[in-house]
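The values are calculated or read from the model by the stated rules, or taken from the named source; none is laboratory data. Because the structure is predicted, anything quoted here is derived from the model rather than measured. Cβ atoms come from the backbone with ideal geometry, glycine included; neighbour counts cover every protein chain shown. Areas reflect the complete protein model, heavy atoms only, side chains present, ligands, DNA and RNA absent. Shrake-Rupley method; radii C 1.70, N 1.55, O 1.52, S 1.80 Å.
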Amino acid sequence: MIGKLLQVEFMKLKRKGIWFLVFLGPFGVVSLQMVNYGVRKEWFLHQGTYNWDYYVLNVSAITPFALILGIVILTSFMASIENETNTWKQMLALPITRWSVYLSKYTTLLFLLIIASSLLAIFSLLFGIYLDFQNDIPYVDIIRYSFYPLFAALPVLGLQLWISTVIQNQGLPITVGVIGVILAYMAYFIPDWLIWKWPSLDNQWNEPLLNVYWGLAVGIGIYFVGMIDFIRRDVK
Amino acid sequence: MEYIVETNRLTKRFGKELAVNGLDIKIPKGEIYGFLGPNGAGKTTTIRMLLGLMHPTSGTVKVFGKDLAKERIEILKQIGSLVENPSYYPHLTAYENLETIRKIYGAPMERINDVLTIVGLSDVAKKKVKGFSLGMKQRLGIAASLLNNPQLLILDEPTNGLDPSGIIEIRNLLKQLAAEYGITILISSHLLSEIDQIATSVGVISKGNLIFQDSIESMRLYSMRKILLKVNNSERAWHLLISRGVKADYEKEIISLSNMSDDDIAEVVRLLVENGYSIYRVEEEKRSLEDTFLQMTSEASGI
């Protein structure tokens, strides 16, 4: 059943330009580095920081912000497909369980975000190769900094999907989303327990994996809370 | 009798407001059940509960003899529905819209073309629904409801936005479905004239209460013309008629006879004349089904 629902979800994304968005996110992150390195190459050389490690850090500084922004846009996009003419009432009167509908939405979003994260890894690698650093390519770090933020951002994904599916008026999810984007931008200054900080992989113990574990645990928790609420609600 | 839909004290409360109050709907197999009521009477809320979209505050719904709360999926496999305004994905074509639903039912691919032909949308199958007129969207909704060859069709105001010829087409289609395939149909409307031309049984809802439920014939009888007699000594005349086995009512010096043939009326008049009563007036009071409906709903709101 989930397989069929996923096929249907991807059908609904047709002609919506969503694949362009999935491309634009990671491309945007790397193109900021294109500007950065285009303008400041001499300075990096002068500082002795013209190397792969420093480059990967530079890329990863923008990633959390772009990721949260992407999550907010994609989730409200997915919800708007159903909210536009209230197809919820049509879909939920079909012989399918509500949890599978919710799960297929979540899975579709996760899939799109994994594609975006993979593209980020590829783009970072390609531009890094173009910059022709002298040391070895840190493949593991590139992959780590492309995917860790995604896992750490699962609670935000769960939260955004929850509120954008159960609330018809998209004003609230967008507001929460915008606040989230701002918090993600200020990640360095906000306390560790705020979920919007986690994608930055920064914490007082300097252990990025902690954020990944929290993200997975809390992300699954919020997913279930959202799904149960979705199941119990009346469809207007 | 076998009921396809049977609700027991079905109730829905939104906060303090009682939207649906203790409904006992009974829809026999093969009937076209007209669900009538003014706007805001609770029709759509009831239909949403029948489809499991809303959870009843209390009471139960049985469809095909199964409890909806327990066997929702099994039941929904055999129901086609159209709730309120048509729902569709504007950026997809008519065909693609149906495909999103067909996949979930697991119905054969050809079924899409079949239902498009049935509702007369074959020509625009490859066009985006964005550009459709309201009537076309409504047809698409009906097409979607037929995809799974349902045993029960639940249509909420299906002729909304259709032009007169479209309304007639849909009406004929529904009659045909009921006659040829024995599909049971629940169709809601706030227009009695619409229900009158298609339904075989009727339920009237007003302010959340089911105030009438019977065959359309009984509703017609209810609204049959009445003959009013004004005679001298009317109360005694009424007793005379009753004693002779004539069904007559008496109110405010007037004897009223309902549901009688012309011959019966002539017989009553002769009887009264032969017994020495003076007949001042014989009047006919006509009540349309519409009047009956309005009277029913206004009586209910008076309570």
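Here are the numbers:
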{"read-out": "Stokes-Einstein translational diffusion, region A:2-232 - Kirkwood Rh over all Cα pairs, 0.890 mPa s, 25 °C, in µm²/s", "value": "132"}
{"read-out": "Using a Förster distance of 25 Å, the FRET efficiency for residue A:225-residue A:170 (Cβ separation, nearest 0.05)", "value": "0.80"}
{"read-out": "Isotropically averaged projected area of the protein assembly as shown, using the convex hull of Cα atoms (one quarter of hull area), nm²", "value": "32.7"}
{"read-out": "Crossing angle, helix B:234-243 versus chain B [Cα axis fit, 0-90 degrees, rounded to tens]", "value": "70"}
{"read-out": "Estimated inter-spin distance, residue A:7 and residue B:299, nm [label 7 Å along Cα→Cβ]", "value": "5.5"}
{"read-out": "Helix-only mean residue ellipticity at 222 nm for chain B, each DSSP H run of n ≥ 4 adding -39500 (n - 2.57), per residue, nearest 500", "value": "-11000 deg cm²/dmol"}
{"read-out": "Relative contact order of chain B, pairs being alpha-carbon contacts under 8 Å that are 6 or more residues apart, as %", "value": "20"}
{"read-out": "Residue-averaged beta-carbon neighbours from other chains (10 angstrom radius) around B:104-111", "value": "2"}
{"read-out": "Accessible area (Å², 1.4 Å probe, nearest 10) - residue A:15", "value": "120"}
{"read-out": "Volume of the Cα convex hull of region B:3-220, divided per residue and given in Å³", "value": "117"}
{"read-out": "Rounded to whole Hz, the Karplus (6.51, -1.76, 1.60) HN-Hα couplings of region A:198-209, x for glycine and proline", "value": "4, x, 6, 6, 9, 7, 5, 9, 6, 10, x, 4"}
{"read-out": "Phi-based couplings in Hz for region B:42-53 (Karplus 6.51, -1.76, 1.60; Gly and Pro marked x)", "value": "x, 4, 5, 4, 4, 4, 4, 6, 5, 9, x, 6"}
{"read-out": "Pairwise centroid distance, computed over Cα atoms, of region A:173-210 with region B:109-134, Å", "value": "48"}
{"read-out": "Averaged over B:65-72, number of beta-carbon atoms from partner chains that fall within 10 Å", "value": "1"}
{"read-out": "Using alpha-carbon coordinates, inclination of helix A:18-47 to the longest axis of chain A, degrees", "value": "20"}
{"read-out": "Helix axis angle, A:52-83 relative to chain A longest principal axis, alpha carbon, degrees", "value": "20"}
{"read-out": "C-alpha center-to-center spacing [region A:105-135, region A:5-26] in angstrom", "value": "17"}
{"read-out": "Region A:180-236 shape via C-alpha gyration tensor axes, a/c threshold 1.5", "value": "oblate"}
{"read-out": "In nm, spacing of pseudo-spin labels at residue B:181 and residue B:243 (7 Å Cα→C-beta vector)", "value": "6.1"}
{"read-out": "Loop trypsin sites (Lys or Arg not before Pro), region A:93-147 (other Cβ atoms within 10 Å of the site Cβ: 13 or fewer; DSSP)", "value": "none"}
{"read-out": "Alpha-carbon centroid distance for the pair region B:156-215 / region B:1-80, whole angstrom", "value": "16"}
{"read-out": "Relative contact order [Cα under 8 Å, 6+ residues apart], chain A, whole percent", "value": "28"}
{"read-out": "P(r) tail fraction, region B:225-286 - alpha-carbon pairs more than 20 Å apart, %", "value": "11"}
{"read-out": "Normalised per residue, the volume of the convex hull around the Cα set of region B:79-130 (Å³)", "value": "87"}
{"read-out": "Cβ-derived FRET efficiency at R0 56 Å, residue B:191 paired with residue A:192, nearest 0.05", "value": "0.35"}
{"read-out": "Estimated translational D of region B:122-226 in µm²/s (Stokes, Kirkwood radius over Cα pairs; 20 °C; 1.002 mPa s)", "value": "139"}
{"read-out": "With every protein chain in place, region B:225-286: carbon and sulfur % of accessible area (1.4 Å)", "value": "43"}
{"read-out": "GNM top mover of B:45, B:292, B:100 - chain B, alpha-carbon springs below 10 Å", "value": "B:100"}
{"read-out": "Mean separation of Cα contacts under 8 Å, 6 or more apart, over the residue count of region B:225-286: relative contact order %", "value": "53"}
